[in-house]
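Each remark here refers to the structure printed beneath this line.
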Amino acid sequence: MLLNAIALGDGPPVVFLHGLFGMARNWGAMQRALAPRFRTIALDMRNHGASPHAEGMRYTALADDVLETLDRLNLGPVALIGHSMGGKAAMVAALRRPAAIRRLLVSDIAPVAYSHANSTIAAAMRSLPLNPAPTRAQANAWLADTVPDPNIRAFLASNLELGPAPAWRIGLEEIAAAIPDLEGWEDPALPPYDGISLFVTGTESHYVRIEHRPAIRALFPKARFVGVKGAGHWVHADNPAGFLSVLDAFLNEWAA
């Protein structure tokens with residue numbers, strides 16, 4: 001599947017993959033900051049943003065979408081940056097075709113299975129009455145019992161197309177059906193990725209723990225680890241300056 005891409009800048013190619021319920025434009029601030037020195041490409045993952053909707057969201061499928069799109073864009077080896085769901089897809093892409101990924105940055109996720117409330121969140125989004133047409137504030141209020149964090153509610157509600165025929169922009173039914181796959185992790189049964197890899201975590205997040213490091217190093221033996229202070233799971237949104245500082249250093253090693 002070819003994915004919708006938002007490109008900005010010129011130079012060595014840097015590709016961004018967003019997390020669950022996100023979209024390419026979530027990386028806009030990072031793209032603008034890097035554009036003077038890099039060609040930045042943010043992709044809408046399958047069933048997200050302006051990319052096509054389709055059943056099947058195992059990470060092999062998501063990774064193959066990314067690799068097919070990179071081939072079509074004729075970028076050559078890239079620096080691949082992925083957050084959460086996008087981080088897992090990035091890991092699988094690097095394992096499946098290491099020659100296409102010059103270096104890898106994974107933000108706040110590990111190659112392990114998780115158990116979160118994403119099914120409950122998807123159910124709350126699916127239950128939102130769309131007739132009569134809600135306002136964004138009404139959609140936000142509808143999600144409040146399930147999602148107490150107002151920033152996350154606003155993030156979710158940004159996927160709602162308003163107007164006379166309101167609808168969810170994302171493939172919500174396909175995503176809801178795929179939550180077990182998206183929270184899970186299948187052993188890829190592939191050789192380790194021998195390229196440079198950096199695992200970035202938010203110091204306030206509990207997604208990547210010390211006990212996950214053996215699983216990470218088994219697949220990414222050159223992995224390094226860095227924490228961004230004051231950030232939770234949405235590292236690049238919680239502390240943009242801190243994340244950008246880490247990203248700059250990571251990319252400058254490559255571009256020097």
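Just so it is clear, none of the values below were taken in a lab; they were calculated from the coordinates. Quick caveat, the model's predicted, so the values are computed rather than measured. Virtual Cβ from ideal backbone geometry, glycine too; neighbours counted across all protein chains shown.
For the stretch 1-74, the convex hull spanned by the alpha carbon atoms encloses 73 Å³ per residue.
Look at 27, 234, 142 and count the other Cβ atoms within 10 Å of each Cβ; fewest to most, that gives 142, 234, 27. Think of each Lys and Arg Cβ as +1 and each Asp and Glu Cβ as -1; about the Cα centre, that makes the dipole of the stretch 24-102 roughly 320 debye. Scanning the chain for DSSP H helices at least 20 Å long along the axis (C-alpha atoms) with a Kyte-Doolittle mean no lower than 0.0 picks out 59-73, 240-255. Considering the chain as a Gaussian network with a 10 Å cut-off on Cα pairs, which listed residue, 210, 175, 101, attains the greatest mean-square fluctuation? Sorting by GNM fluctuation, first place goes to 210.
DSSP assigns beta bridges within the chain; of those with both partners inside it, close to 20 percent run antiparallel.
Of the GluC sites (Glu not before Pro) found in the stretch 157-256, those that fall in a DSSP loop while having at most 15 other beta-carbon atoms within 10 Å are 186, 204.
Packing here is the average count of other Cβ atoms within 10 Å per residue, and on that basis the peptides 122-130, 73-81, 106-114, highest first, run 106-114, 73-81, 122-130. Taken along its principal axes, the alpha carbon cloud of the chain reaches lengths of 55, 39, 34 Å, longest axis first.
As an equivalent ellipsoid, the stretch 1-140 spans semi-axes of 28, 18, 14 angstrom, where each value is the square root of five times an eigenvalue of the C-alpha gyration tensor, largest first. Look at the Cα gyration tensor of the stretch 118-178: its axes a ≥ b ≥ c give a/c of at least 1.5 with a/b at or below b/c, and that counts as oblate. Structure remark: mean-square fluctuation, Gaussian network model of the chain, C-alpha springs under 10 Å; the largest value among 39, 25, 209 belongs to 209.
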